[in-house]
Amino acid sequence: MNENDAKKKQKKKGFSLPAFIVRYAGPIEKLFILLTLLSLFLMPFVRVNYDLTKYLPESAQSKKGLDLMEEEFGYPGTARVMIDGVTLYEAKAYKDQIEAIDGVDTVMWCDTSTDIYSSSDFIHYEDITDYYKDGAAVMDLTFDYGDSDKRTEAAIDEISELLGDKGYMVGMAVQNKSLTENVSRELNTILAVAIVVIFLILMLTTTAWTEPVLFLAVMGVAIIINKGTNVFLGTVSFLTDNVVAVLQLAVSMDYSIFLLHAYTRYKEQGMPMNEALTAAINEAINTILASSLTTIVGFIVLTVMKFRIGFDLGLSLTKGVALSLIAVLFFMPALIIRMAPSLEKTEHRSFLPTFDRTAKAIYRIRKPVFLAIILLAVPLYMAQSMNTFVYGNAAVGASEGTKVYEDEQKIREKFGRSNMMIAIVPNSSNVVEKEFAEELSDLPYMKGVMALSDEVPAGVPESFLPESITGLLHTEDYARILMYTRTKEESAAAYAASDEIQAIMQKYYPEGAYLVGGTPSTQDIQTTITKDYNFVNILSMLGVFLVVMFNFKSLATPIAVMIPIEVAIFLNMAIPYFGGEEVNYIGYIIVSCIQLGATVDYSILTTSNYLEARNKFRLDKKEAAIWTLKRSIPAILTSGSILTACGYILYLISSISAIGGLGHLVGRGAWMSVAMVLCVLPALLVMVDPLIEENELDRLKGLLKKLRAPRIRGKKAAQAEEDAGKAAETDAEKQSVGENHEQEGKGRNDG
């Protein structure tokens, strides 16, 4: 029996996961290389979306309208072009050439209402100032294909070549083209700079010159596989395509550092390489999984956002962290075996100090720092909720620093703003449509309205007009009315105009109509995403709380762990309010989850070290806090520096406001979390020490057991008494039956 047990144990040991990974390191390495090559092949086929309206929920008014318009009329791209330094006649010639370019559908200009070939004496220039003045002409373009279509991009290139230095272009199609070009150009630069900076950080914080190469190789493989497998998601947002690689690199680097350090410790104990690696993997599995779970929870809650860009980004980030885990546990051991000789040859002393004085200094100032945090927490929370936000496409593609932004400023100086909205209404009556268009034209902020009812001369049937005109504005069931307002796409005035237009539309078409365009879509984005924020924020905090609670088996510990991170988030988000900056709301809602998920590990590490000092080494509270800081600072500084650097690299290099703003918030939030964890958490741990030294959950179970014990004993006693009573009754019955039988027997004998 003992021999069989020993064989079973040996068999189980032989098939353990760590031993399997080390034994088959060669084939595993080849598999990862194959997956990397396959992912490199798939990466160019990942489709990238630049239109935020695509992520609106199906219930949104503008989303329904866009879907209907695409079904009935297609989803044409739009642009606005200014030609500077031209006469009225030269502008007309340019207009005709632009209209003839393949991919351009219509060009709206003043020649539709004014005969510009007539004598100057008969042209009322004051009536056409919205289209021509001071030697400049501005025109509104509609393309045959969508804003992101390659044919639309080709048409824009041809228009730019035609106009040369005289031309200035804005609009959704131009924004999308600019985004595409900037993203593809800047992404490689961002990744290259991030790799160099992280390499330098690792050189200072590791103990072998080749360790950074090992870490970056493992993370590089995980990032490539993550980007390649995005092809199975169908389409990813431009935000996901740009920031996930950098964030994955920043938040997952710790896993590979931990595994290598565990391997080094076992090697120093005299273990052979394979045994040391097996022991290190065995140790790392539980620790890395526990550490990564909080990060995954922070990311995965983004997938429940109604504004579906959260699902897109959250899924890709979660997948990236999971792939990083797999790469560290399976691929990295193979690289360690391959690089073992060079790792040993290139060892050097640590460049980091012991942090003795730093730890003591932080402990001395713990009370004033903690008091300051208590006083500032509520004001910071209030301030971060009072920021000024931007939501829509225009805030992303036409952000400051881009050529689109510069062109927009030039056009606005001459002609003011022009914001296109489109009404999709039932094609029930040309008379009703004409009345509707006329009322729209009378609005003070309206520049122009284009409806087929205005294009059809009185008494002329619609069928007499060319299909190129009727197909643009009418189908069998629906009519499309184009309108241009003198408002910014995203502003209080634009929202008020949108609401008023929709009210007028409802009056003429109570049976149902839709208003689409940048402004209505931005209104729906704002409504959707602001509802998401509180829900996602609460869900992420609850998820992290539960993970930490079950990890430490304590209710007080997750509160202490999360307070420094939440205060750091409040401070990070309050700074734009005090600085009077506008914040892209997408970055705002996403960063709160990223900062919590990525930096709460600093708190968990610090708390684990404190508990080890108290329970294992039996240090008093002061000594434990100082020892914890000395041990935690190097790891936290390494991880925090990498995340900070990656965030600021995005901020400094990207010209796209949504990406740069997100990077700024991530970078600033990372170093703030580091500062809060190191300066605030030790004071919290000392304060709640009686609660966390022994976990409350076990004590709570014991207390409940004690409370239940008297009831259980009472129930058992009552049950025993009841059983005894039943037994007594049974005995009495048996005795009675026996007596009856005895009397009956006597009776028979007497007889």
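Conditions first: (1) more than 24 Å from Y255 (Cα to Cα); (2) polar (S, T, N, Q); (3) surrounded by 19 or more Cβ atoms within 10 Å (Cβ to Cβ); (4) at pLDDT below 90. N572 passes all but one, so which condition is the exception?
(4)
Considering T287, T294, which residue is farther than 30 Å from T53 by Cα and within 17 Å of the chain's Cα centre (by Cα)?
Result: T294 is the single residue among T287, T294 that is farther than 30 Å from T53 by Cα and within 17 Å of the chain's Cα centre (by Cα).
Give just the number: which of (1) part of a strand (DSSP E or B); (2) open to solvent by less than 10 Å² (accessible area, probe 1.4 Å); (3) at pLDDT below 90 does A137 not satisfy?
All conditions pass for A137, except number (3).
Just wondering, is there one or more residues in the stretch 510-526 that are on the phi > 0 side of the Ramachandran plot and either basic (K, R) or in contact (Cβ under 8 Å) with a residue 60 or more places away in the chain (or both)?
Yes.
Where in the stretch 230-328 are there helices (runs of 4 or more DSSP H), lying fully within it, with 1 or more residues that are closer than 21 Å to A635 by Cβ and modelled with pLDDT under 90?
238-268, 273-300
Here is a check on your reading of the model: is E476 within 32 Å of the chain's Cα centre (by Cα), over 20 Å from S59 (Cα atoms) and outside any helix (DSSP H, G or I)?
So E476 does not fit the description; no.
Inspect all residues belonging to the stretch 53-65 and state whether any of them is open to solvent by 20 Å² or more (accessible area, probe 1.4 Å) and of a type in the set (V, I, T).
Looking through the stretch 53-65, none of the residues is open to solvent by 20 Å² or more (accessible area, probe 1.4 Å) and of a type in the set (V, I, T).
Has the stretch 316-325 got at least one residue that is within 29 Å of N49 (Cα to Cα), touching a strand residue (DSSP E or B) at 6+ places or on another chain (Cβ under 9 Å) and not aromatic (F, W, Y)?
For the stretch 316-325, residues within 29 Å of N49 (Cα to Cα), touching a strand residue (DSSP E or B) at 6+ places or on another chain (Cβ under 9 Å) and not aromatic (F, W, Y): present.
Answer yes or no as to whether V221 is within 12 Å of S316 (Cβ to Cβ) and either assigned to a helix (DSSP H, G or I) or in contact (Cβ under 8 Å) with a residue 12 or more places away in the chain (or both).
It is false that V221 is within 12 Å of S316 (Cβ to Cβ) and either assigned to a helix (DSSP H, G or I) or in contact (Cβ under 8 Å) with a residue 12 or more places away in the chain (or both).
Determine if the stretch 641-662 includes at least one residue that is closer than 17 Å to V561 by Cα and out of contact with any strand residue (DSSP E or B) (no Cβ under 6 Å at 6 or more places or on another chain).
no
Do we find a residue being part of a loop (DSSP other than H, G, I, E, B) and open to solvent by 70 Å² or more (accessible area, probe 1.4 Å) anywhere in the stretch 358-369?
yes
Can you tell me which residue is farthest from Y405 (Cα to Cα) among those in the stretch 606-657 that are open to solvent by 20 Å² or more (accessible area, probe 1.4 Å), hydroxyl-bearing (S, T, Y) and part of a helix (DSSP H, G or I)?
The selected residue is S608.
Applying the selection to the stretch 422-441, what residues are part of a helix (DSSP H, G or I) and open to solvent by less than 50 Å² (accessible area, probe 1.4 Å)?
The answer is V432, E433, F436, A437, L440.
Considering only the stretch 233-250, I want to know if a residue exists there that is closer than 27 Å to T354 by Cβ and buried (at least 24 other Cβ atoms within 10 Å of the Cβ).
Looking through the stretch 233-250, at least one residue is closer than 27 Å to T354 by Cβ and buried (at least 24 other Cβ atoms within 10 Å of the Cβ).
Being open to solvent by less than 60 Å² (accessible area, probe 1.4 Å) and aromatic (F, W, Y) is the filter; apply it to the stretch 522-561 and report the residue that is farthest from A497 (Cα to Cα).
F552
The values are calculated or read from the model by the stated rules, or taken from the named source; none is laboratory data. All of these numbers come straight from a predicted model, not from anything done at the bench. For neighbour counting, all protein chains shown are included, and Cβ atoms are generated from backbone atoms with ideal geometry for every residue, glycine included. Please note that ligands, DNA and RNA were not included when accessible areas were found on the heavy atoms of the full protein model with its side chains. Shrake-Rupley method; radii C 1.70, N 1.55, O 1.52, S 1.80 Å.
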